[in-house]
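In what follows, a structure is listed as structure tokens, so that the remarks can point back to it.
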Amino acid sequence: MVHSTRPARLGMIVPSSNTCLEPMSYRILADREDVTLHSTRIAVTRIALDAGSDRQFDVEGMRRAAQLLAMADVDVIAWNGTSGSWLGLDHDREIVDEITAATGIPATTSTLAYFDAFREFGISSVSLVTPYTDDVNEEIVERYATEGIRVAAHRALGLSDNESFGRVAPDELVPGSLELAAGRPDALVYLCTNLYGAPIVAEIEARTGVPALDSVAVTLWRCLQLAGAPLLDSRWGKLLA
């Protein structure tokens with residue numbers, strides 16, 4: 001709940017090698033004075049389907065990070081990463097339960113925020129743009145299917161070093177986005193909080209008519225909902241306004 005004497009405070013648990021989500025979040029929030037962003041980091045350097053990668057997202061690490069954010073009296077805490085897309089939503093539900101139990105603060109994750117958006121906007125089929133390798137994408141397709149979301153098509157950039165994701169220029173995502181949108185999914189999803197999808201959302205929506213959802217914007221949207229604050233400008237996704 002937002003306190004009347006100060007702006008809403010959004011707490012973000014950030015992957016350590018992510019260079020996109022904080023500057024992109026500040027850009028999306030622009031000159032708003034009703035909300036502030038506060039972050040802490042956990043060690044994440046590589047995305048793959050193996051035990052070493054999976055351990056980066058352990059619940060205990062999330063709890064410790066959340067406890068640090070709680071010291072700033074934030075109104076909501078988000079694990080601002082999409083690991084639940086391939087580890088499964090139950091993994092993220094456990095993270096949220098642990099954070100709230102430890103801090104008393106409402107919580108979400110980027111993956112859970114997406115599925116909240118899918119339900120709210122009646123989305124049952126999506127096409128995915130990710131920086132990941134093909135095997136990670138295939139795991140995401142299976143996990144989405146178990147939650148009732150069909151992945152109509154997807155594009156993987158073939159990267160695994162998390163820092164490298166943030167080096168992909170937004171313009172590089174446009175051709176693949178247009179190809180995927182031509183299949184008329186319910187939504188086009190830029191899946192990774194270290195991928196600059198948000199800057200091209202308005203262009204893709206205008207050119208194709210297909211709603212586009214960026215991970216950073218969707219996570220902010222859900223955090224603003226939970227904090228009881230106004231939502232986003234439509235240029236960051238017409239569904240999120």
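The values are calculated or read from the model by the stated rules, or taken from the named source; none is laboratory data. Here the structure is a predicted model, which means the values were calculated and not measured. So basically every Cβ, Gly included, is an ideal-geometry build from the backbone, and we count neighbours across all protein chains shown. The protein model used for the area step is the full one, side chains on, heavy atoms only, and it has no ligands, DNA or RNA in it. Shrake-Rupley method; radii C 1.70, N 1.55, O 1.52, S 1.80 Å.
For residues that are in contact with a Leu (Cβ under 7 Å, 6 or more places away or on another chain) and without any contact (Cβ under 8 Å) to a residue 40 or more places away in the chain, scanning just segment 53-78, find the one that is farthest from residue 42 (Cα to Cα). Going through the qualifying residues, I end up with 54.
For segment 156-178, filtered to residues that are among the charged types (D, E, K, R) and more than 17 Å from the chain's Cα centre (by Cα), the residue that is least open to solvent (accessible area, probe 1.4 Å) is 161. In the condition set (1) open to solvent by 10 Å² or more (accessible area, probe 1.4 Å); (2) at negative phi; (3) of a type outside the set (A, V, I, L, M, F, W, C), residue 219 is compliant with all but (1). Is it true that residue 215 is out of contact with any helix residue (DSSP H, G or I) (no Cβ under 6 Å at 6 or more places or on another chain) and among the polar types (S, T, N, Q)? Here the answer is no, as residue 215 does not meet what is asked.
Scan 31, 54, 50, 58 and give me the residue that is acidic (Asp, Glu), within 21 Å of residue 195 (Cβ to Cβ), at pLDDT below 95 and surrounded by fewer than 19 Cβ atoms within 10 Å (Cβ to Cβ). Being acidic (Asp, Glu), within 21 Å of residue 195 (Cβ to Cβ), at pLDDT below 95 and surrounded by fewer than 19 Cβ atoms within 10 Å (Cβ to Cβ) holds for just one of 31, 54, 50, 58, which is 54. Screening 78, 117 for residues that are under 24 Å from residue 241 (Cβ atoms), under 10 Å from the mean Cα position of the chain (by Cα) and of a type in the set (A, V, I, L, M) leaves exactly one candidate, 78.
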